[in-house]
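I have placed the structure first, in the form of structure tokens, so that the comments after it can refer back to it.
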Amino acid sequence: MVDKSDVTPMMQKYLETKEQYKDCILFYRLGDFYEMFFDDAIKASKELELTLTGKSCGLEERAPMCGVPYHAVEGYLSKLVSRGYKVAICEQVEDPKLAKGLVKREVVRIVTPGTNINTQTLEENRNNYLMCVFYMAQRVGVAVTDVSTGDFYVTEVEDVRKLMDEISRYAPSEIVLNEACLLCGIDFEELKGRTHTAVFPLENWYFEEDTCRRTLQEHFHVNALQGLGLADFAFGTLAAGALMQYLYETQKNALAHITHVIPYVSGKYMLLDSSTRRNLELCETMREKQKRGSLLWVLDKTKTAMGARTLRSYIEQPLIDKAAIEDRLDAIEELNSCGIERDEIREYLQPIYDLERLLGRVSYKTANPRDLIAFRNSLEMLPHIKTVLGDFRASALRCMRDDIDSLEDIYELIRSAINDDPPLQVREGGIIRDGFDPDIDKLRNAKTEGKNWLAALEAEDREKTGIKNLKVKYNKVFGYYFEVTNSFLNLVPDYYIRKQTLVGAERFTTPKLKELEDTILNAEDKLFTLEYDKFCEIRDFIFEQLDRVQRTAKAIAHLDAICSLAVVAERNHYVRPKMTTDGVISIKDGRHPVVEQMISNDMFIPNDTILDKQKNCIAVITGPNMAGKSTYMRQVALIVLMAQIGSFVPAKEARIGLVDRIFTRVGASDDLASGQSTFMVEMNEVANILRNATSESLLILDEIGRGTSTFDGLSIAWAVIEHISNRKLLGAKTLFATHYHELTELEGKMHNVHNYCIAVKEKGDDIVFLRKIVKGGADKSYGIQVAKLAGVPDLVIDRAKEIVEQLSDNDITQKVQSIEIKMSGEKTKPVKLDEVDLRQMSLFDTVKDEDVLKELTEIDITHLTPMDALNELYRLQNKLKNRWQG
């Protein structure tokens, strides 16, 4: 720790400021640079690849120092923030020319990952969310904002798992939370590593009830929380109040562009957990994390950044309200019936700037002249859009038209005030258009016409006084003056003021000459200052129209998103789904929206789907790998999801019963970071599904149980299907893909389970995948043929064929014992399998009476509850029944 008494006055001030912002890297403004010292300098020099130097500060050793130029600070700032750092910006808050002693400096803003508003570094098609979480006694309050747009949401969830759903929904770049939340069971360190989300705990005083309530009431200008719709959100109010206090503390401004709160219950939208979002590749692909190949890539044909963000929110938050879905579908249908008008709207949308983020910059007073020109060009389109929308009848389109304000007063102000090609900087002049302000025009003319003014004044006074040799002259000491030789002193008027006496002449000034002198000499400084002041007035006027512009921006964003869905529906030959509440999902000739775009020549094979709550509850799908099982199941999930975002769907005909959640369990991978095996990851996901799914949910289950041994995996898969099919326990609509062909036996045992398989055509030892879903179970897995397609060596393929022939009988247990392993260069020798493998291989072998008797004698009835005893008796009885029926 540096002793302040040992350092220079400037460094003392630096250390005092740093003491207040210990958790931040401090950018300290010195002249044209932001400097960092001591540990901050060491850290920043590594992260930003800056040269580390030193500065004399009164200590024996020079203080480590590095710096960045003020005009390039945004790039460096964003780099640090993207790596999870907080950066405090300490600016000079007085003119160095006027300062007595040290220039006064203050921290004007703290930039964090969730409060970065630099449009150059933010992704324009996605929001930059900051989330605040308040956790106590298994109840969670959540508040989310995007300070670049002014959006602010509040909700509550019942448990930690649903909190993870909200985190997945918003994908915040920063989370602030109460200290108790660190112990709620979520591994925030793992979350940071996996999603690069910055996590910062807040002290408990942020969450004090009275303070939070008062903060919200004062900011949103309401007398009670009822005015914000937060009366029933006790925990959400604490999260929202703490979030506002955190924003005040870091942003150091009034945040007036955050004008309203949107409270919602999590049940308002279809719930999608992180696994489902990842498996369905909604906004990015699983492997490359790229937009191309995702559902968003297919649907996003938006023209504006606002529209792109809105469409993303549609995809991430599908609706469950039938009326809201129908409103969007009506709008798409009408837009596609009026294709010329729709395309005209899209042409007008093309030049529209990101109005939401511009308002954020206006609120922060960082909007520059070019931002206002982009704003003007955007506003020019609004009357045209409003006119075209005038003929539409869909309620959603009518609401958009009503919400769009032409903002002609703002447009006219900017058009008449700001030059068409202004500078980027606000203090360099050249901003205000000629003719807008007389004082600015006069100062601007002074720079160019000063000499003409002086010549005219000289001629005017020479004629007025009769002094023939009267001249206007200039020097640095006295400025401009009239010089009169001694021979004409008797003609000098009374209003001439003597400035200097020379041997042969006198020097005078007049009020008019003095005014011209001030105008000419200070014209540039005054001009730049006056232009800046006038620009700020215009910017402040726009800020005063905040509500009008925000409402218009939201309407434009929704219009752009709906137009995008309409265009995609027309180009890709989608149909309007019939939305119902009867739980039936009936799709004719459904297609995978993404895969069909990746395949050329319209080669995608469509398939039908029927699921309901009665006899078509579960579809067990068998077939070889690579045949298209996973594609088909994802296709069904995506069609349902698309319907519930209000989009047309890729099918010939679709009837979609609303679902409250979509769950997916697809693929297998180890979670090495948390020490979990493939099977443990799989079972965690299955447990989540079985605990949280309802009869209104859609389940996509692929290869349940393959992460463990055959015996255990098959048993778990069987039990899972039994559980889902039982309407008293769950009864959810389910697509269940498996390689356990024994599961096809369930079709006859359970009335609501049906078998389907992928059609395959055999050509000798080769196979052709027909990609068509047909009724019935697959009789083969075609694993060897798939291995051959994958390029496995012929030697291995031939040996596999030999082994599969030996295993082909129903009584595979004895056959397995006779399998011989061929070792290169060695004689063949019989395999000796351990007891566990034998039991697993003989799961469906004939059950012998002696086995049942042996089990019965080995049961320790002293440790059985009455219920356990009944279950055991029932199990043994079934074994004997199967034996006799066989």
Problem set entry | Hey, Lys291 within 16 Å of the chain's Cα centre (by Cα) and under 28 Å from Ala374 (Cβ atoms) or not | yes
Exercise. Counting just the residues of segment 612-627 that are farther than 17 Å from Val720 by Cβ and crowded, with 24+ Cβ neighbours inside 10 Å, which one comes out nearest to the chain's Cα centre (by Cα)?
Worked result: Ala627
Problem set entry | Filter result (over 17 Å from Met306 (Cβ atoms) and touching a strand residue (DSSP E or B) at 6+ places or on another chain (Cβ under 6 Å)) within segment 136-152 | Val140, Gly141, Val142, Ala143, Val144
Problem set entry | Residue that is under 26 Å from Gln644 (Cα atoms) and either exposed (fewer than 15 other Cβ atoms within 10 Å of the Cβ) or modelled with pLDDT under 90 (or both), where the choices are Thr710, Thr694, Thr678 | Thr694
Exercise. Restricting attention to segment 479-498, does a residue exist that is surrounded by 19 or more Cβ atoms within 10 Å (Cβ to Cβ), modelled with pLDDT of 90 or more and in a helix (DSSP H, G or I)?
Worked result: no
Exercise. Which one is least open to solvent (accessible area, probe 1.4 Å), of the residues in segment 123-180 that are among the acidic types (Asp, Glu) and within 21 Å of Trp205 (Cβ to Cβ)?
Worked result: Glu174
Exercise. Does any residue of segment 450-466 turn out to be closer than 30 Å to Tyr70 by Cβ and either open to solvent by less than 90 Å² (accessible area, probe 1.4 Å) or at pLDDT below 90 (or both)?
Worked result: no
For this session: State yes or no: is Glu531 among the acidic types (Asp, Glu), in contact with a strand residue (DSSP E or B) (Cβ under 9 Å, 6 or more places away or on another chain) and either farther than 27 Å from Glu380 by Cβ or open to solvent by 20 Å² or more (accessible area, probe 1.4 Å) (or both)?
Result: no
Seminar exercise, completed: Residue hits (segment 628-665; open to solvent by 10 Å² or more (accessible area, probe 1.4 Å) and aromatic (Phe, Trp, Tyr)) are Tyr632, Phe648
Exercise. Would segment 746-757 turn up any residue that is buried (at least 20 other Cβ atoms within 10 Å of the Cβ), in a helix (DSSP H, G or I), free of Cβ contacts under 8 Å to residues at least 40 places away in the same chain and not aromatic (Phe, Trp, Tyr)?
Worked result: no
Seminar exercise, completed: With the first residue restricted to segment 268-294 and required to be surrounded by 15 or more Cβ atoms within 10 Å (Cβ to Cβ), and the second required to be part of a helix (DSSP H, G or I) and among the β-branched types (Val, Ile, Thr), Cβ contacts under 8 Å at 6 or more apart or on different chains are Ser274/Ile167; Leu282/Ile315; Cys283/Ile315
Exercise. Looking at segment 348-360, is at least one residue charged (D, E, K, R) and open to solvent by 30 Å² or more (accessible area, probe 1.4 Å)?
Worked result: no
Exercise. Can you tell me which residue in segment 245-257 is least open to solvent (accessible area, probe 1.4 Å), limited to those that are modelled with pLDDT under 95 and among the hydrophobic types (A, V, I, L, M, F, W, C)?
Worked result: Leu255
Exercise. What about Tyr495, is it of a type in the set (Phe, Trp, Tyr) and touching a Ser or Thr at 6+ places or on another chain (Cβ under 8 Å)?
Worked result: yes
Problem set entry | Given (1) open to solvent by 20 Å² or more (accessible area, probe 1.4 Å); (2) outside any helix (DSSP H, G or I); (3) touching a residue at least 40 places away in the same chain (Cβ under 8 Å); (4) not acidic (Asp, Glu), number of the condition His558 does not satisfy | (2)
Exercise. Here are some residues: Ala88, Ala41. Which one is touching a Cys at 6+ places or on another chain (Cβ under 9 Å), modelled with pLDDT of 95 or more and part of a helix (DSSP H, G or I)?
Worked result: Ala41
Exercise. Is there any pair with a first residue in segment 182-199 that is over 17 Å from Asp159 (Cβ atoms) and a second that is of a type in the set (D, E, K, R) and surrounded by fewer than 13 Cβ atoms within 10 Å (Cβ to Cβ) whose Cβ atoms are under 9 Å apart and which are 6 or more apart or on different chains, and what are they?
Worked result: His196/Arg83; Ala198/Arg83; Val199/Glu189
Exercise. Are any of the residues in segment 135-143 outside any loop (DSSP other than H, G, I, E, B), within 21 Å of Lys365 (Cα to Cα) and of a type outside the set (Val, Ile, Thr)?
Worked result: no
Exercise. Which one is modelled with the lowest pLDDT among residues in segment 3-17 that are part of a helix (DSSP H, G or I) and open to solvent by 40 Å² or more (accessible area, probe 1.4 Å)?
Worked result: Lys4
Problem set entry | Candidates Thr509, Thr519 - the one that is open to solvent by less than 30 Å² (accessible area, probe 1.4 Å), closer than 30 Å to Ala367 by Cα and not aliphatic (A, V, I, L, M) | Thr519
Exercise. If you check every pair at least six apart or on different chains, which have Cβ atoms under 8 Å apart with a residue in segment 314-326 that is without any contact (Cβ under 8 Å) to a residue 60 or more places away in the chain first and a residue that is surrounded by fewer than 21 Cβ atoms within 10 Å (Cβ to Cβ) second?
Worked result: Asp321/Lys268
Problem set entry | Cβ-Cβ under 6 Å pairs, at least 6 apart or on other chains, segment 210-234 side under 18 Å from Ala254 (Cβ atoms) and open to solvent by less than 30 Å² (accessible area, probe 1.4 Å), far side aromatic (Phe, Trp, Tyr) and assigned to a helix (DSSP H, G or I) | Leu228/Phe220
For this session: Identify all residues within segment 662-675 that are at pLDDT 60 or above, in a strand (DSSP E or B) and not aliphatic (A, V, I, L, M); write none if there are none.
Result: Phe663, Thr664, Arg665
Problem set entry | Number of the condition not met by Thr276 [criteria: (1) modelled with pLDDT of 95 or more; (2) under 22 Å from Asp159 (Cα atoms); (3) in contact with a Leu (Cβ under 9 Å, 6 or more places away or on another chain)] | (1)
Exercise. Counting only residues that are aliphatic (A, V, I, L, M) and at pLDDT 95 or above, which one in segment 18-32 is surrounded by the fewest Cβ atoms within 10 Å (Cβ to Cβ)?
Worked result: Ile25
Seminar exercise, completed: If you go through Met603, Met626, the only one that is out of contact with any Gly (no Cβ under 9 Å at 6 or more places or on another chain), without any contact (Cβ under 8 Å) to a residue 60 or more places away in the chain and either in a loop (DSSP other than H, G, I, E, B) or β-branched (Val, Ile, Thr) (or both) is Met603
For this session: Identify all residues within segment 779-799 that are open to solvent by 60 Å² or more (accessible area, probe 1.4 Å), charged (D, E, K, R) and modelled with pLDDT of 80 or more; write none if there are none.
Result: Lys788, Asp794, Asp798
For this session: Consider Phe392 carefully, then state whether it is open to solvent by less than 40 Å² (accessible area, probe 1.4 Å), within 17 Å of Cys563 (Cα to Cα) and either of a type in the set (Phe, Trp, Tyr) or not in a helix (DSSP H, G or I) (or both).
Result: yes
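The values are calculated or read from the model by the stated rules, or taken from the named source; none is laboratory data. Keep in mind that this is a model prediction, so the values were computed, not measured. Note that we place each Cβ from the backbone using ideal geometry, even for glycine, and neighbour counts take in every protein chain shown. Areas reflect the complete protein model, heavy atoms only, side chains present, ligands, DNA and RNA absent. Shrake-Rupley method; radii C 1.70, N 1.55, O 1.52, S 1.80 Å.
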